[in-house]
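J.: Handing you a structure now.
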Amino acid sequence: MKKSIYIFIFTISIIAVRAQQLPQYSNYMVNDYVMNPAIGGTNNYVEGKSNNRYQWMGITDAPRTYILSVNAPTKNLKMGLGGTLFTDIVGPTRRTGFYLSYAYHIQVAEKVKVSMGISAGLLQFMLDGSKITLHDPGDMVISNGLQSVLIPDFGAGIYVYSTDHKWYAGASVPQILQNRLKFFDNTTTVLSRLATHYYASAGYKFNVGENFKIEPSTCIKFVNPAPLQFDLGVRGIYKDKFWLGGAFRYLDAVSAMVGYVMQDNITFAYSYDFTTTNIKKYSTGTHEFMIGIRFHKAEDTGKGFRTK
């Protein structure tokens with residue numbers, strides 16, 4: 001079974017020309033910057049966040065994703081700067097990336113801003129051939145050693161939001177360059193390459209009494225030729241400190257989530273995915289943990305803060 005899983009993972013990760021290549025995030029509502037560079041600097045404080053996702057627990061060498069991100073506004077709140085470092089591990093493959101981002105925010109109405117952002121960085125793909133068992137041990141198409149390739153990457157995004165952070169809508173396009181991946185020197189034809197992804201997200205906070213808010217949201221993802229995928233989520237927020245929520249991811253999972261903001265500067269969030277596909281026969285679900293720290297808060301200018 002383990003050999004079969006490795007061969008399957010290798011096939012979908014390296015041979016596939018176009019497929020869903022970027023990892024899933026259940027806590028997209030509380031760490032949306034990693035999906036859209038235009039979100040950098042929308043809050044008036046410096047914030048760092050760490051996501052740790054353990055997918056399909058119970059399956060050997062299932063996907064694991066670790067993300068560290070930081071973003072902040074400039075002093076005049078017109079620009080946002082940030083960076084992201086991540087590692088995504090699937091069986092014998094490892095994808096590591098580092099991005100820097102820049103966003104420019106334009107006031108288009110009394111309480112409405114539009115932000116446009118770009119990101120640029122490097123991606124390293126690694127393949128451990130010693131973890132792959134071939135049908136023909138003498139086949140030289142894959143070596144038993146560690147293979148790697150380093151390529152540049154770019155992304156872009158746009159984000160429209162109210163300055164009191166009551167609502168937002170955005171779209172982003174990562175992996176614009178569609179670079180090809182060549183792991184082996186003896187390969188003459190390279191089929192594997194990065195596929196451009198398309199993301200869109202939106203959310204709105206409804207006040208329910210003095211202390212409660214309800215926030216429905218959605219995140220839509222598309223990459224050709226995979227089917228359109230979307231998340232529908234909702235959070236119930238109490239005093240901007242504590243929330244409970246849930247989400248439905250089409251053709252994938254149902255999520256439950258909880259979060260807490262401690263001392264106005266430390267955010268904890270956790271989600272658990274109940275898998276709805278046939279993988280549920282072999283997996284006990286997916287865990288995702290997030291912690292965020294606000295390092296510095298600018299003076300309150302009346303623009304408000306977000307519950308993140």
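J.: Using θ = phi - 60° and the Karplus relation 6.51 cos²θ - 1.76 cosθ + 1.60, list the HN-Hα couplings for the stretch 100-108 in order, rounded to whole Hz, with x at every Gly or Pro.
T.: Once θ is set to phi - 60°, the couplings for the stretch 100-108 become 10, 10, 9, 9, 10, 9, 10, 7, 10 Hz.
J.: Run the simple label-point estimate for I220 and V254 please: 7 Å along Cα→C-beta, distance reported in nm.
T.: Output for this residue pair reads 2.4 nm.
J.: For L122 and A200, what does the FRET efficiency come to when R0 = 35 Å and r is the distance between their Cβ atoms, rounded to the nearest 0.05?
T.: The value I calculate is 0.85.
J.: Report the extension gain between T284 and I106 in nm, rounded to one decimal, defined as 0.36 nm multiplied by the number of residues separating them, less their alpha carbon distance.
T.: 59.5 nm
J.: Taking the Cα-to-Cβ direction at M57 and at V173 and moving 7 Å from each Cα, how far apart do the two end points lie in nm?
T.: For M57 paired with V173, the spin-label model returns 3.9 nm.
J.: Further, regarding this structure: How much net charge surrounds R53 when only the other residues with a Cβ under 12 Å from the Cβ of R53 are counted, with Lys and Arg +1 and Asp and Glu -1?
T.: In short, -2.
J.: In nm, what is the difference between 0.36 nm times the number of residues separating K182 and M262 and their Cα-Cα distance?
T.: Value of the extension gain: 24.2 nm.
Coordinate-derived values only; no laboratory data. From a predicted model like this one, the values you see are computed outputs, not experimental measurements. FYI the Cβ positions are ideal-geometry reconstructions off the backbone, even for glycines, and counts take in every protein chain you see.
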